[in-house]
Amino acid sequence: MGILRKTTAPLLTLAITAALGTGVANAKDTVKVAFIGPLTGGVSAVGVGGRNSAELAVQLRNADPNAKYEYELVTQDSECKPNVGVQIATKIAADRSIIGLVGHYCSAVAMGAVDIYHRFNLPMSVWGAVLPEITYANDYKEIHRVNGTMINQNEVAAKFMTDQGYKTWVIIHDTTDYGKGHNKYFSEYLTANGGEILADFGVPADQQDFTAELTKAKQLNPDVIYFGGLTPLGVRIRAQMDKLGIESQFQGVSGIKSDSFIDGTGELAEGVVSFLEGAPLEKLPGGQYFSEKYKAAGFTESEEAYGPFAFSAMNLILDGIEEVGPNRKALTEYLGNIQDHDSVVGKISFDDHGQNTVAAITPYVIQDGKWVVWEDSEYADGTRKLSGL
Amino acid sequence: MDMGLLGQFIVNGMMLGMMYALVAVGFTLFFGVLDVIKFSHGDVLMVGTFAGFSTYLGLGAIGIDNAFVQLIGVLVVAIGSMAILGAIIARYLVLPLKSAPPLNTLLVTLMLGTVLREAIRLFYPDGSNPKRFPSLLPTDSWTIGSFNLRADSVILLVGGLLVIVGVHVLINRTRLGMAIRAVAQDEETAKCMGINFKMIVLLTFGLGSAVAAFAGVMNGLYYNEINFGMGLLLGVIGFSAAIIGGLGNIYGAILGGFIFAALQTLGAVALPFASAYKDVFAFAVVIALIAWRPTGLIAEKTSERV
Amino acid sequence: MTQSLKDKLIILLLAALGAAFLVTFIAIEEQAEIFALLVFAGVLIIASAKLGLTDKISQSLSRNERLLNLSVIAAMLVVIFWFHEDHFPLLMIATVLLYVVACCGLNMQFGYTGVVNFAGAAFFGVGCYTAAVLGGTGTPLLLVIALGGVMAAIIGSILIIPVLRTRGHYAAVVTIAFGLLFRTFLEVNDTLGGPQGLPVSGMNLFGWDFNSNIQITENIEFSFYMNYVILALIMVILTFILMRRIERSWIGLNFDAVRLDETAAACYGINIKRWKILSFTLGNFLAGTAGALFAMMLGFIAPSNFAFSDSLILVSIVLLGGMGSIWGTILAAGLVVLLPEKLQVIQEYRFLLYAVVMILILLFRPQGVLPRNLRSYIPGWRG
């Protein structure tokens, strides 16, 4: 009897799944869409938040009885390394059953991968990478981006910081295109606003010891240390600044706006400022809706800074497939004509290069172990003061 | 350059040199007794640091938050568990390959290093992400001009020095040390004199790995960050340091460790190109040094047995 | 049936079986099926070994080497044309082939003369970067592949003095240090793309663009990776011939003598330095050529492609296949590249698994899965 049960159980499940499977197949065809983000490594928190958000979009669509297709999400981990990213981009682009892609938080990875999407004609939308060149350095009609670029971010950041009364800066940036881009645009706008750059250091993205660079920086005694790079390096630099007794204000970019930066630096996080494109979630048109759905879906990780963008990008791709069918070329064409498309991050309109125009930039500051919108913080009303003011 | 800045660079360099020397001592001990390279040494260091980190979390969970008690707990667990791991590696991977070509031992320990690294990455909770290592030492600091000296750095330096002196005393002044030196000099004769060869090898591997665990905790306390890949570079640097000093010689290892740190600091400070080239510079000098003195600065005094 | 006819039949049958296996293995997606297929293959091999079939087969093989080589090439072509329009399988096959070339280079060093080289990925990388830099300049691209090899050989020559002067552990640390140095250098050096990496333009042979699909007729379109697979296959064949020629010549004899006992070889008047330099340089050359084509195929390279762990994978392939064994290298490269791609379960754990397998191999079968046979004075001689 025991043996019989053992053998019949899988058989039964097999029969049931077969029956169900054919049933669903009769009703709806399955269409594959993909997501790429950093799911392991130092910036994985943001990547996982984005993945969950994209998955949420697919789940909601599959639950919608009016949807024409059943969607299957393929996720891949770029590890935030260009070479790994290019490998998996090839893998996804070469798979003809995948129709659209939402990909990339790390600009360095995206820069390597866009050529591949173009080569295989895979329509995609970036959900978090901010380097302008991803959309502007090419004419690939497959490439789109729902989030903003680092140009506006640095424009606002330079103005904001000089308005606070800071005069001198030392810049540390990683030497990927991402860090170099931040260095370029921030320097440009800072000089325009009258700030002075005492020195800039380019460092490899996996350097451990910054005492040499920071000791040099300390001698220059800047008001602010600007860091253009991602969370893991930011954590190390902030911690080692303290080791060397550097009192300067620490200013980051959107790349450190994650909870893992606070976890990594602990008490030293207090008063660190950063800038992020897009309005804060609670002030977004569909922010309320997105937050509720995200909570209801039971994800344990936070959606992080770029979750809403990943959600919107995936929804955009799904809308397109619903409209024009599961065909890469048709979807590319559809995405090319997007104007005033509703989403949780506001209306999406792509320009000639597939770039969405996101005007708003929000300054954030860490207060009591949380990222707080500057206007709502105790720093803005004068209760607390940034370093060196 | 002003004196304060110079002092700052010297302290930074000393700190690095101490860590490298501690790792190099392990390599040199293993080579001394068994003529093998245990390449997983850097990863044993990493595992030791993670063991210490877990102890810290565990102590926190049961409500012990006195920094001193935590520090002692972290050190005891890290050092103790790595001593055992070192002996296990010697017993099951290194000794069985004793008569195989030396390349095989090198490969087997290289692969073991990968196993340890990947195991932490995959099986330690959230192991692929860097972890914040706590500051368990007092952080008072003294500032003289542009020179900033922190109490924790001083304690770490003194601690490292004590460990090195301790190993030196152990090797040169105790019966165990005499046995280790005897085995290093001539295995057969040592056996004839009633020395338990296997036991001495296991103890030496335990000792070397314990020192590495100390260096790992030191690294964690200094950088306040640990990750699964930290052992690889430290291992290679420690290995290079032992080689430029001359394998099998403890003073050589210490010398090599400080030379490497000095090269890195020099590369970062005094050379005309960007400070990021410091590792390129240091490794290039290491290769040149090996080409110049193929058996190290303090060379082994042996002729080849045919 | 005569013995020789039987031999020939066995070889053809084996090649057909191999091709069928490879096609099925690459084509199926279902994890359970892949697993079942692997178990089936494993059982088949173990059973035939138990029944003593393997010995008989290997004798048949060694009597008819030419036919064996030809039928393996034919089988490979069948597999390639089977997947003529599927991008990804072709990319995988090409990757395997290029790994074979690179690992043959390492084999020349480790397996023939016993020169250790733990910077295989670095020399592969020199080829990649050569292709990236020369790609846009209009240099004929077949020349670029050769130049990739030449560059690797030249850069390798920097290491010749330390490698010659040292032995064993000391030589190992020289190459390991070089591997790290190479990668760090690429990461901090802006002109070669830094950590960001570099795009590489595709292969273009006499106006034939390798990066566009090949339209045969209205309905038949070949994937553009086809170009690379064919070229890689040609490179493997040339490498194979080179390796075999060297192995069977007096050069190979000298190599073996240097590896087996340096002191004794020197006593008999063999110039150890000359042979070590030759094998080290040739090995790096092969790794460099493979790298150059690999970079053109991938279209993008970054320093993190050439980390220490990648060098270790190359060494693992050589070791798994068996030091000095070319067929072993081919088999091992296939296993190491294809298995994690197909078995998604192990993808995440691949480095861990490789390392564990290597430790087991070193402990229990240090000669590898397909060990190199002793030189046979008369091929196929039964004795």
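Taken together, the residues in the range B:133-192 that are assigned to a helix (DSSP H, G or I) and in contact with a Phe, Trp or Tyr (Cβ under 7 Å, 6 or more places away or on another chain) amount to 6.
Against the criterion of being in contact (Cβ under 8 Å) with a residue 60 or more places away in the chain, within 14 Å of chain A (Cβ to nearest Cβ) and either in contact with a helix residue (DSSP H, G or I) (Cβ under 6 Å, 6 or more places away or on another chain) or charged (D, E, K, R) (or both), C:F300 qualifies. Restricting to the range C:340-372, name every residue that is without any contact (Cβ under 8 Å) to a residue 60 or more places away in the chain and either more than 26 Å from B:V94 (Cα to Cα) or away from chain B (no Cβ under 14 Å) (or both). The answer is C:P340, C:I346, C:Q347, C:E348, C:V369, C:L370, C:P371. One residue stands out among those in the range C:183-200 that are within 16 Å of C:A292 (Cα to Cα) and surrounded by fewer than 24 Cβ atoms within 10 Å (Cβ to Cβ): the one that is farthest from the other protein chains (Cβ to nearest Cβ), which is C:L192.
Looking only at residues in the range B:248-294 that are touching a residue at least 40 places away in the same chain (Cβ under 8 Å) and of a type in the set (F, W, Y), the one that is nearest to C:A171 (Cα to Cα) is B:F283.
Only helices (runs of 4 or more DSSP H) whose full extent lies in the range C:221-321 are considered here, and the ones with at least 2 residues that are buried (at least 18 other Cβ atoms within 10 Å of the Cβ) and hydrophobic (A, V, I, L, M, F, W, C) are C:225-248, C:250-260, C:272-298, C:308-321. The criterion of being more than 8 Å from every other protein chain (Cβ to nearest Cβ), more than 30 Å from C:A264 (Cα to Cα), surrounded by fewer than 24 Cβ atoms within 10 Å (Cβ to Cβ) and of a type in the set (S, T, Y) does not hold for C:T130.
Please enumerate the residues belonging to the range A:53-78 that are small (G, A, S) and either part of a loop (DSSP other than H, G, I, E, B) or under 12 Å from A:N315 (Cα atoms) (or both).
A:S53, A:A54, A:A57, A:A67, A:S78
The set of residues from the range A:79-95 being among the hydrophobic types (A, V, I, L, M, F, W, C) and in a loop (DSSP other than H, G, I, E, B) comprises just one member, A:C80. Based on what the data block shows, is C:V345 assigned by TED's automatic domain parsing to the domain that holds C:G156, of a type in the set (A, V, I, L, M, F, W, C), part of a helix (DSSP H, G or I) and more than 17 Å from the chain's Cα centre (by Cα)? Judged against the criteria, C:V345 is a match. Quick check on the range C:58-73. Is at least one of its residues assigned to a loop (DSSP other than H, G, I, E, B), at pLDDT below 90, polar (S, T, N, Q) and more than 30 Å from C:G197 (Cα to Cα)? Yes, the range C:58-73 contains at least one residue that is assigned to a loop (DSSP other than H, G, I, E, B), at pLDDT below 90, polar (S, T, N, Q) and more than 30 Å from C:G197 (Cα to Cα). The set of residues in the range B:141-166 that are farther than 17 Å from B:G17 by Cα and either away from chain A (no Cβ under 12 Å) or modelled with pLDDT of 90 or more (or both) contains only B:G166. Pairs meeting the criteria (first residue in the range B:1-23 and under 13 Å from B:V269 (Cβ atoms), second residue among the aromatic types (F, W, Y), beta carbons under 6 Å, at least 6 apart or on different chains) are B:G7/B:F147; B:Q8/B:F147. Checked against (1) part of a loop (DSSP other than H, G, I, E, B); (2) farther than 26 Å from B:Y251 by Cβ; (3) not charged (D, E, K, R), B:I195 passes all but condition (2).
Please enumerate the residues belonging to the range B:238-277 that are assigned to a helix (DSSP H, G or I), more than 14 Å from the chain's Cα centre (by Cα) and within 11 Å of another protein chain (Cβ to nearest Cβ). Of everything in the range B:238-277, those that are assigned to a helix (DSSP H, G or I), more than 14 Å from the chain's Cα centre (by Cα) and within 11 Å of another protein chain (Cβ to nearest Cβ) turn out to be B:I244, B:Q264, B:T265, B:L266, B:G267, B:A268, B:V269, B:S275, B:A276, B:Y277. Here B:L116 fulfils each of the conditions (1) at pLDDT below 90; (2) touching a helix residue (DSSP H, G or I) at 6+ places or on another chain (Cβ under 9 Å); (3) not acidic (D, E) apart from (1).
Only helices (runs of 4 or more DSSP H) whose full extent lies in the range A:96-182 are considered here, and the ones with at least 3 residues that are touching a residue at least 40 places away in the same chain (Cβ under 8 Å) and within 14 Å of chain C (Cβ to nearest Cβ) are A:107-119.
Does A:Y105 fit the bill of being within 24 Å of C:E85 (Cβ to Cβ) and among the hydroxyl-bearing types (S, T, Y)? Spelling it out, it is not the case that A:Y105 is within 24 Å of C:E85 (Cβ to Cβ) and among the hydroxyl-bearing types (S, T, Y). Summed over the range C:118-154, the residues that are modelled with pLDDT of 90 or more, among the hydroxyl-bearing types (S, T, Y) and part of a loop (DSSP other than H, G, I, E, B) give a count of 0. Looking only at the range A:289-317, residues that are within 24 Å of A:T231 (Cβ to Cβ) and either touching a residue at least 60 places away in the same chain (Cβ under 8 Å) or touching a Leu at 6+ places or on another chain (Cβ under 9 Å) (or both) come to 18 in all. Residue count for the range A:45-86, restricted to those that are within 14 Å of chain C (Cβ to nearest Cβ), without any contact (Cβ under 8 Å) to a residue 40 or more places away in the chain and among the polar types (S, T, N, Q): 1.
Taking the condition of being touching a Pro at 6+ places or on another chain (Cβ under 7 Å) and more than 30 Å from A:A380 (Cβ to Cβ), how many residues in the range A:106-161 meet it? Result for the range A:106-161: 6.
Of the residues making up the range A:182-211, just one is in contact with a Pro (Cβ under 7 Å, 6 or more places away or on another chain) and not aliphatic (A, V, I, L, M), namely A:P204.
The values are calculated or read from the model by the stated rules, or taken from the named source; none is laboratory data. Since the model is a prediction, treat every value here as computed from it, not as a measurement. FYI the Cβ positions are ideal-geometry reconstructions off the backbone, even for glycines, and counts take in every protein chain you see.
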